[in-house]
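Here the structure is laid out as structure tokens; the discussion comes afterwards.
Only the coordinates and a few stated rules stand behind these numbers; no lab work does. None of these values were measured; they are calculated from a predicted model. Note: ideal-geometry Cβ built from the backbone for every residue, glycine included; neighbour counts use all protein chains shown.
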Number of protein chains: 2
Amino acid sequence: MSTLNEIGKRAKETSFVLGKLSTTDKNAALKKAADKLISESERILEANRLDLEAAEANGVKGSLLDRLTLDNERIESMANGLLELINLEDPVGEVLSMKKRPNDLVIGQKRVPLGVVGIIYEARPNVTVDGFGLCLKTGNAVILKGGKEAINSNIAIIDIIQESLEESGIPRDAVQLIKSTDRQSTTELMKLTEYLDVLIPRGGSGLIKAVVENSTVPVIETGAGNCHVYIDSHADVSKAIPIVVNAKTQRPGVCNAIEHVLIHNDKLEESALEIYKALSEKGVEVRGDERFRAYAKDAVEATEDDWKTEYLDYIISIKTVDSFDEAVSHINAHSTKHSESIITEDYSSAQRFLDEIDSAAVYVNASTRFTDGSEFGFGAEIGISTQKLHARGPMGLKELTSTKYIIYGNGQIRG
Amino acid sequence: MSTLNEIGKRAKETSFVLGKLSTTDKNAALKKAADKLISESERILEANRLDLEAAEANGVKGSLLDRLTLDNERIESMANGLLELINLEDPVGEVLSMKKRPNDLVIGQKRVPLGVVGIIYEARPNVTVDGFGLCLKTGNAVILKGGKEAINSNIAIIDIIQESLEESGIPRDAVQLIKSTDRQSTTELMKLTEYLDVLIPRGGSGLIKAVVENSTVPVIETGAGNCHVYIDSHADVSKAIPIVVNAKTQRPGVCNAIEHVLIHNDKLEESALEIYKALSEKGVEVRGDERFRAYAKDAVEATEDDWKTEYLDYIISIKTVDSFDEAVSHINAHSTKHSESIITEDYSSAQRFLDEIDSAAVYVNASTRFTDGSEFGFGAEIGISTQKLHARGPMGLKELTSTKYIIYGNGQIRG
């Protein structure tokens, strides 16, 4: 039996224990883990220094290096993330419906943990703590496979958490880290159907695509966001401009930032140059089609490739459309079905956009940057699903559960 | 572009039209399709004769031949299935929640169609009609790939349904049949991630396994049922026997029939011989472990392989356990997580069984044969999910939908 099979087997066995834990016990364990991350933070920082030295030696730079870097403040923030979970409602055990059938069978549908969750992610040690906390609160065992650049930090974090679990009387295998950093173990994890109930990739589109294509375990696809704002012929341009600027520049590297603006021809004269100026002032490279550039002469020429591109950077492309229908078709054909917004004062345009755009989150007169668990009021988030099965949009604790039917009989047989 | 890509593209385009249809229009189309299946039944029977001739020439026999065979009564029953859908509530458009956030954004979660559903199934023409009806009612486009033995029947049925859709003013591509009967087209369908939102295999465990292992499209795993009844130390044996007999023999070839009985040692003397006799009288081959055979001396010796086997036949295997915990561990280790039942008069045993058994439907004092959509009151069923993502247990109309977030703003930007 391979190491990964053993990890899977232990996770499955532990999941039965976790599924029976009371909310009180889970919350106490979250508190103990948070406390221990703080009291043992020097162990984490020491391990993190090893990762940082190796990363620098390998030429890792920029945001990847930044995400890998831990300090006392970031460890405190991870610990606080665990403490915040304590106040959230435990979804496990909720009975969604309970009905009596004509034959007196009473059939209820009850929320239960998924069982064993696998998370594959990049070199972000905060996801290690986050994944543990979300899964423990929902009674799931979790197997983590983090980016190899963070391996020492992850090992230290998981050691500390497992020690805290033992102190709480909870099996340490509630969270397991795959310590092997080769691709082979990732491949094996994606085939671990016997033990894994779901696999969640968290990271860039390359990682997500690889998991979707190779996993035989059910996957929740998260993430990629080729998002749009459409400025309708009935738009209030004074609302449109701050929304476009916010959706592009408030944090350009995240999935719910916009990459494209569609402007109805009727509003082009009124808005094009102003939008160009507002974005340029924020350091955004503005690319536009011919009609847009007739007003914003300094804009770069946009090509067909632009409409498909998720820049995740200070770049935007702007297209002119002649009708509402053209805007909807363009978005449905080019978006990654994440978040889109219409700017309009027209009732029918607003309602039709909400109906006809095939994305996880569809907005009227607001920035797409609101698509996340905390802004939606979920308190915590495991990712943003861009698929339609199981969960769509920001996923909170409920999305880490399944249901089972519980049936109370008194001797019923089927005729 | 391959034929299958074209089919996928047309299905996706059509799905946007279907998603906007009113319930009234969908119901009218179901009525017209049902009527036309009856009025054009001779075309179906003629095509079916071709299939039956080919099947007989190829030596197809028994239940496979029976399922392939159509007559006026069976066509009427398929048409009635469509009419019954008319009376069911349309899940599309339901708003599951709508909340105002502190920044005045109003965030709602609305039920929407999945989009494009693929169904891969065996030579059962009734699934062709069923799949069409369930998907139309839920606003989904559907691509069907049926068993090759039924190809002529399926072509005739789909031609008639597509004609009825045209008469109803609905695009005929709402339902498309893959007419190629080779495996290549099945393989292509399983990779059609660009257009398919979900793939549902309906059939035996070989088909389901092949789809789960090869599909890159999200799959809902249905079906296989290695189901158990556990006779607890506190069982009322007078309830246990009819339940065991019903769960095994009322229809042995279906997934919710039981394959195994576990008997607590304390109840063995009271129940073993009686159970053996009751099952034998119904023509069931009873296999038992040593302790069971001490009472039922004519029973066949059960081997380790028996506990893993879904017989789907008049065979059962019976094992003695020494404790409640042993029963639960055995079931969780050997079941396919479909349906299991405990026979007990003890409150704690009942509650613990409902909690600890990791199956889609868990019963107290009732036959497992109730696990299906009509018995659960759903009115229609697309299959029984044995996975934990998206849907678990019998799947009705709601399980053919997804959700989207709709957000009403008035200029909100993120700070």
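Just round it to a whole percent: the fraction of Cα-Cα distances in the range A:169-252 exceeding 14 Å. Roughly 75 percent, rounded to a whole number. Taking A:L30, A:L273, A:L400 as the candidate residues, the one with maximal mean-square fluctuation in a Gaussian network model of chain A, Cα springs under 10 Å, is A:L273.
Comment: the Cα-to-Cβ extended label point of A:T24, at 7 Å, lies 5.7 nm from its counterparts in the other copies, nearest first. Taking only Cα atoms, what is the 0 to 90° angle, nearest 10, from helix B:3-18's long axis to the longest principal axis of chain B? For helix B:3-18, the angle is close to 80 degrees. Between A:E167 and A:A294, residue separation times 0.36 nm minus the direct Cα-Cα distance comes to 38.9 nm. Annotation: amide H-H contacts under 5 Å for B:A302 (H modelled 1.01 Å from N, sequence separation of 5 or more, or interchain): B:G288, B:D289. Residues whose amide H falls under 5 Å from that of A:T401, counting only those 5 or more places apart or on a different chain, are absent, with hydrogens built in the peptide plane. Build a GNM of chain B with springs between Cα atoms under 10 Å apart, and of B:I157, B:I258, B:I170 the one that fluctuates most is B:I170. Gaussian network model of chain B, Cα springs within a sub-10 Å range: biggest mean-square fluctuation belongs to which of B:G169, B:G253, B:G62? It is B:G62.
If you line up the long axis of helix A:72-86 against the longest principal axis of chain A, both from Cα atoms, how many degrees apart are they, to the nearest 10? Once rounded, the angle reads 70 degrees. The trypsin sites (Lys or Arg not before Pro) of the range B:16-55 that DSSP puts in a loop, and whose beta carbon has at most 16 other beta carbons within 10 Å, are B:K20. Based on Cα contacts under 8 Å between residues 6+ apart, chain A shows a relative contact order of 17 percent.
The range B:310-378 has equivalent-ellipsoid semi-axes of 20, 17, 11 Å, by the square roots of 5 times the alpha carbon gyration tensor eigenvalues, sorted largest first. Taking 16 Å as the cut-off, the amide N atoms of the range B:360-398 that come nearer than this to a point 7 Å along the Cα-to-beta-carbon line of B:Q351 belong to B:364. For the rotational copy relationship between A and B, the axis lies nearest to a chain A beta carbon, identified with its distance in whole angstrom as A:H390, 2. The reciprocal of the average 1/r between distinct C-alpha atoms defines the Kirkwood hydrodynamic radius, which for the range A:1-45 equals 12.7 Å.
Restricting the GluC sites (Glu not before Pro) of the range B:184-259 to loop positions (DSSP other than H, G, I, E, B) with no more than 14 neighbouring Cβ atoms within 10 Å leaves B:E194. Annotation for A:N58, label-to-label distances across the other copies: 5.3 nm (shortest first, one decimal, point 7 Å from Cα along Cα→Cβ). I want to verify the translational diffusion coefficient of the range A:276-407 in µm²/s; compute it with Stokes-Einstein, Rh as the Kirkwood radius over Cα pairs, at 4 °C and 1.567 mPa s. Reported coefficient: 76 µm²/s. In order along the range A:94-99, phi translates into HN-Hα couplings of 4, 9, 6, 6, 8, 10 Hz, rounded to whole numbers, per the Karplus curve 6.51 cos²θ - 1.76 cosθ + 1.60 with θ = phi - 60° and x for Gly and Pro. With R₀ set to 22 Å, the beta-carbon distance separating B:K61 from B:Q184 gives a calculated FRET efficiency near 0.20. Couplings 3J(HN,Hα) for the range A:105-117, derived from phi with the Karplus relation 6.51 cos²θ - 1.76 cosθ + 1.60 (θ = phi - 60°), are 5, 10, 10, x, 10, 10, 6, 9, x, 5, x, 10, 10 Hz, where x marks Gly and Pro. Considering only beta bridges that DSSP places wholly inside the protein assembly as shown, some 30 percent are antiparallel. Remark: the range B:33-130 projects, on average over all directions, an area of 9.1 nm² (convex hull of Cα atoms). Calculated mean residue ellipticity at 222 nm for chain B: -13500 deg cm²/dmol, from DSSP H runs with n ≥ 4 weighted as -39500 (n - 2.57), summed, divided by the residue count and rounded to 500. Against chain A, whose longest principal axis is taken from its Cα atoms, helix A:151-167 shows a tilt of about 50°.
The range B:57-121 and the range B:143-161 have their alpha-carbon centroids 18 Å apart.
The smallest convex shape that holds all Cα atoms of chain A, its convex hull, gives 179 Å³ per residue.
Over all distinct Cα-Cα pairs of the protein assembly as shown, the Kirkwood formula returns a hydrodynamic radius of 28.8 Å.
When A:R43 is represented by a point 7 angstrom out along its Cα-to-C-beta vector, the spacings to that point in the other copies are 7.4 nm, nearest first.
Amide H contacts under 5 Å for A:E94: A:R111, restricted to partners 5 or more places along the chain or on a different chain, H placed in the peptide plane at 1.01 Å from N.
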